[in-house]
1. Restricting to the stretch 37-82, count the residues that are over 25 Å from ARG137 (Cα atoms), surrounded by 14 or more Cβ atoms within 10 Å (Cβ to Cβ), under 16 Å from the mean Cα position of the chain (by Cα) and not β-branched (Val, Ile, Thr).
2. Within the stretch 100-109, work out how many residues are surrounded by fewer than 16 Cβ atoms within 10 Å (Cβ to Cβ) and touching a residue at least 12 places away in the same chain (Cβ under 8 Å).
3. Tell me which residues, restricted to the stretch 101-121, are in a helix (DSSP H, G or I) and either at pLDDT below 80 or under 18 Å from the mean Cα position of the chain (by Cα) (or both).
4. List pairs: first in the stretch 124-142 and closer than 19 Å to ARG75 by Cα, second in a helix (DSSP H, G or I) and open to solvent by 50 Å² or more (accessible area, probe 1.4 Å), Cβ under 7 Å, 6+ apart or cross-chain?
Amino acid sequence: LPPLRVIALLRDPRDTFVSITSFTQKRESDGRQQSMGRKPGESHETWLNRHLERQKERLRWIHEALDNGTMPVVRYEDLVLDLEGEARRLEEILGVELDPAAVSADSKMRRKHVSAESPEASIGRWRREMAPHVVKRFNEELGDEMRALGFDVSEPLETPSHEAASPSQSTAPST
C-alpha cells in the first residue's frame, strides 16, 4: 500500500452547522425525509448539543495537530478563496498533481453539493442565517477553540435572514 497521509479539513463550525441545516432542508424539499447529521426523532436542541460537543473535540484535535505539526490542515475558506494556491500546497504535501480548473468547471457537482448561492457565499454564512441565540451558544461553548484557530468570535452585525432558516432555528430558543 502507498503511504497514508491524513489531512484535516477545517471549516468555521458555525458555517458547517448552517450548511448541514440547509442541506437537510433541501433534502426534505426534494421529498427525502432523511436528515443530515440529525438522528431520527432527535430534537433540534439535542442535535445542536451533540454537534457542539463533537465540534469541540474536533477543534481541539486540529489545534493540537497544528501545534505539533503532526498533520497538515487545509482551511475550507482558503480552498474556496484560493483553490489554485491550495491545490499547489496539497500537491506538495501529497506528491501528486491536481487540476483545480476541473473542480471549478464541474457545475453539476457544484449544484448538487452546494447549498449556498456560491462557494464564496458559504463563507461567513452563519452571520446572515444563524439565529442569534444559536450564535451565542457557539461562541460560549466553542469560543476558546475557535479563537485558538483564528476564527472571529464576535457577534454578527447583520440580522439573520430567518426566511432561510427553519422555525426551530430562527425563533426563540427551544424549550
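1. Qualifying residue count for the region: 2.
2. So the first thing to find is which residues in the stretch 100-109 are surrounded by fewer than 16 Cβ atoms within 10 Å (Cβ to Cβ), and the list is 101-109.
Now narrow it down to the ones that are touching a residue at least 12 places away in the same chain (Cβ under 8 Å): 103-104.
Number of matching residues: 2.
3. First, pick out the residues of the stretch 101-121 that are in a helix (DSSP H, G or I): 101-105, 107-113, 120-121.
Selection gives VAL103, SER104, ALA105, SER107, LYS108, MET109, ARG110, ARG111, LYS112, HIS113, GLU120, ALA121.
4. LEU142/LYS56
The values are calculated or read from the model by the stated rules, or taken from the named source; none is laboratory data. Keep in mind the model is a prediction, meaning the values are calculated, not measured. For neighbour counting, all protein chains shown are included, and Cβ atoms are generated from backbone atoms with ideal geometry for every residue, glycine included. Quick note on the areas: whole protein, heavy atoms, side chains included, nothing else; ligands and nucleic acids left out. Shrake-Rupley method; radii C 1.70, N 1.55, O 1.52, S 1.80 Å.
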